[in-house]
Every structure is written in C-alpha cells, then in structure tokens.
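Asker: The structure follows.
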Amino acid sequence: MLQLNIPSSLQKIEYPLMDSSIELYVKRDDLIHPDISGNKWRKLNLNILQAEREHKNVILTFGGAYSNHIRATAAAANMLGLKSIGIIRGEELNKNSNENLRFAAQNGMELHFLDRETYFLRNHTDFSAILSNRFNLDFEKIFIVPEGGANALGAKGCGEIIKEIELDFDYITLACGTGTTFAGILNDLPLKSKALGFSVLKEASSIHHNIRQLTDKNYTLIEEYHWGGYAKKNEELLRFMEDFKDKTGIKLDYVYTGKMLFGLIDKINIGYFKPQSKIIALHTGGVLNASI
Ligand SMILES: *Cc1c(COP(=O)(O)O)cnc(C)c1O
C-alpha cells in the first residue's frame, strides 16, 4: 500500500522581501511521502504504471551512491509489490557503503555495482545486453527507468504538479538536476505563467540537452546559483537555509532546493520580478535523507 500526500499543499510564506507586494508560495512536494518524496514520485508514477501495463514486475534503474532516485524507486517498488534492481555507479561500492544503499537493499532492491566506464554507456540501446551478460538478468520482466527518471513519462508525471495548482500564478520556480521536472512543468504550464529553472550544476549543457529531448517550449534556465557545482556548498548558503527554516518552518537541502530558494530570493531582491507577482517555489523534496 502506498499512501501519498497528493495533491501536495500550497503554502503561502512570509519571508522578508525587498518588494513586499510580491506574494511567495511554496508547493510542498517534499511532503508527498517520507521515502518517495517530491519529484522522485512524480517521475516514477507513470513509469510504474507503464511497467504494469506491459506486465513487467521488475523496475530497473540507475544512480550514484547517494541518489534520491534509487532510494525512491526501491521504496516505491517495495510498497507496490514490485521487484527492483539498482545499477549503481562505482564498482568499489557495496550495499553497506552508505545509508542510502543500505535503505535500498533493505527495501528489497537488488544492487549491482558498475565501473564508471561501463556505467557511462547506460543510455545506449544495447545496454541491456551488457547488463544481461554481466549480471545474468532476464529482461523479459524488466522495465527500465533511466537515471533520475529522466524520460518522457517522468516529465509527463511532473505535469501533475501544475494541474494541482488552483492559484492564478505568474511564476513557478524549481531546481534542475536533469531538467526532467522542468520539462514536464513547461509542457503543462498555463499560457500566462512562466517557469524558471535554476541549475544545480556548474556545467548545464546536459540539462539543456535533456530539456530539448522532452519539450519544445521556450524556457529560461538560470545558471548563476550553482555554488561551484553539484552538491557544493558554503557557509553563506547554509546560513541562508537556516534562516529560511527559522522564518518559514520549511527545511531545504543544499543540493537542490536551498540553491533554488537562495537564487529566487536574490532575484526578487534585485527587481527581476514585477511588483505584485505571485511566485510559486516548487519544493522538490529530498530533505529527509542525506539530501543528495
Ligand atoms: C532529483 C531532485 C531534483 C532534480 O530534478 P530533475 O528532474 O532531475 O531536474 C530536484 N530537487 C530534488 C530535491 C531532487 O531530489
């Protein structure tokens, strides 16, 4: 049984802004489920339905040792009575290497560890043959979800976020790792509203590439709040996250949502948005565990 807090709530927040006519809301996808939080559920949802439609009862996916997506896939599959297989980057790892992998294994995920060179080939069409040989897997029953849930079904599932919002908003903002959530939101965005993505990577070309695969909408990706790259942080960012939590009660993580909210509030304070704008910051989740 899977109990999800959907539709997620929209919370108006009081945070001191340079322009007090601007209304700021947070869409609380972080509260969807403790182990399958935020956009990880949104991206898995339609993939799992498709697997069931194809009578496949094993979900195979990919990720790094700290991947939220691996964790979410293991938990969701377990709760839905499906099997799961995680292909993890790094042959030196094992299921006890960290809490994330231990959690996945405890949820019944079969873990396989791949050297980086082979892992790099994961999106090639004949990759299942490589996996099948190496780990003796039977692909008859296996449904493959790409790393980070970054496919068209993943994006489509994220469109639900927009459909749940009843407020007439001007902007929705979100953190981008692969850009899949952003693409899904762009595809379902009302005409009068805009979406702004904030890259958490120093080099955002992979995000642009992925967005282009998933949508032909115009978009704005802000690339100046990456803090040196993926999961990089400093005192200023951590201090902001503390302060945000004190003032709003909402916890952020330094990999994704902390960087996005810092960037958003900075942009508000330098006059990027028109007075009276209604802005929704999407809390994509990922704070209950190691936050990566
Ligand atoms: C995975 C993740 C993202 C990145 O989502 P993409 O669809 O890959 O851009 C953003 N926020 C959180 C909290 C995440 O766990």
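The values are calculated or read from the model by the stated rules, or taken from the named source; none is laboratory data. The structure displayed is predicted, hence computed values, not measured ones. Every residue, glycine as well, gets a Cβ built from its backbone with ideal geometry; the counts of neighbours run over all protein chains shown. SASA here: full protein model, heavy atoms, side chains in, ligands and nucleic acids out. Shrake-Rupley method; radii C 1.70, N 1.55, O 1.52, S 1.80 Å.
Asker: Lysine pairs in region 1-105 8 or more apart or on different chains: how many have alpha carbons under 20 angstrom apart?
Answerer: Lysine pairs meeting the criterion: 8.
Asker: Ignoring ligands, DNA and RNA, what percent of the 1.4 Å accessible area of region 30-168 is carbon and sulfur?
Answerer: That share works out to 47 percent.
Asker: I've got another one for you. Tally Lys and Arg at +1 and Asp and Glu at -1 over the other residues with C-beta under 10 Å from the C-beta of Leu174: what net charge comes out?
Answerer: Charge balance near Leu174 sits at 0.
Asker: Could you compute the net charge surrounding Ile144? Neighbours are other residues with a C-beta less than 12 Å from the C-beta of Ile144; K and R count +1, D and E count -1.
Answerer: The answer is +1.
Asker: Can I ask one more? Just to confirm, what accessible area per residue do you get for region 124-265 at 1.4 Å probe, in whole Å²?
Answerer: Per residue, region 124-265 has an accessible area of 48 Å².
Asker: Sticking with this structure for a sec: Rounded to the nearest 10 Å², what accessible area does Thr220 show when all protein chains are kept and the probe is 1.4 Å?
Answerer: Counting only protein heavy atoms, the figure is 60 Å².
Asker: Taking the Cα atoms only, what angle lies between the long axis of helix 39-53 and the longest principal axis of the chain, rounded to 10 degrees?
Answerer: Result, in degrees: 40.
Asker: Among Lys156/Lys278; Lys202/Lys233; Lys163/Lys251; Lys163/Lys259, which pairs are too far apart, with a Cα-Cα distance over 22 Å?
Answerer: Distance filter (> 22 Å) returns Lys156/Lys278; Lys163/Lys251; Lys163/Lys259.
Asker: Along each of the three principal axes of the Cα atoms of the chain, give the extent in whole Å, ordering the values from largest to smallest.
Answerer: Each principal axis gives a Cα extent; for the chain these are 60, 39, 36 Å.
Asker: Which length gain, in nm to one decimal place, applies between Phe120 and Leu238 when the Cα-Cα distance is subtracted from 0.36 nm times their residue separation?
Answerer: 39.3 nm
Asker: Give me, ordered by chain and number, the residues 5 or more places off Ser84 or on other chains with an amide H under 5 Å from its own placed amide H.
Answerer: So Ser84 has HN proximity to Ile59, Glu110.
Asker: I need two numbers for region 137-180: Rg to one decimal and Dmax as a whole number, Cα atoms only, in Å.
Answerer: 14.9, 49
Asker: If you don't mind, another one. Could you sort 224-230, 206-212, 15-21, 176-182 so that the peptide with the highest average Cβ count within 10 Å comes first and the rest follow in order?
Answerer: The densest-packed peptide leads the list: 176-182, 206-212, 224-230, 15-21.
Asker: At 222 nm, what helix-only mean residue ellipticity would the chain give, in deg cm²/dmol to the nearest 500, using -39500 (n - 2.57) for each DSSP H run of four or more?
Answerer: Theoretical 222 nm ellipticity from helices: -11000 deg cm²/dmol.
Asker: Here's a follow-up. Could you derive backbone 3J(HN,Hα) for region 176-183 from the dihedral phi with the Karplus parameters 6.51, -1.76 and 1.60 (θ = phi - 60°), listing whole Hz in sequence and x where the residue is Gly or Pro?
Answerer: Values per residue, Gly and Pro as x: 10, x, 9, x, 5, 4, 4, 4 Hz.
Asker: Once you put a point 7 Å from the Cα of His208 and another 7 Å from the Cα of Arg102, both along the Cβ direction, what distance in nm separates them?
Answerer: 4.2
Asker: Grab the Cα-Cα distance for Asp216 and Lys83, subtract it from 0.36 nm times how many residues apart they are, and report the gain in nm with one decimal.
Answerer: Gain on extension, Asp216 to Lys83, equals 44.4 nm.
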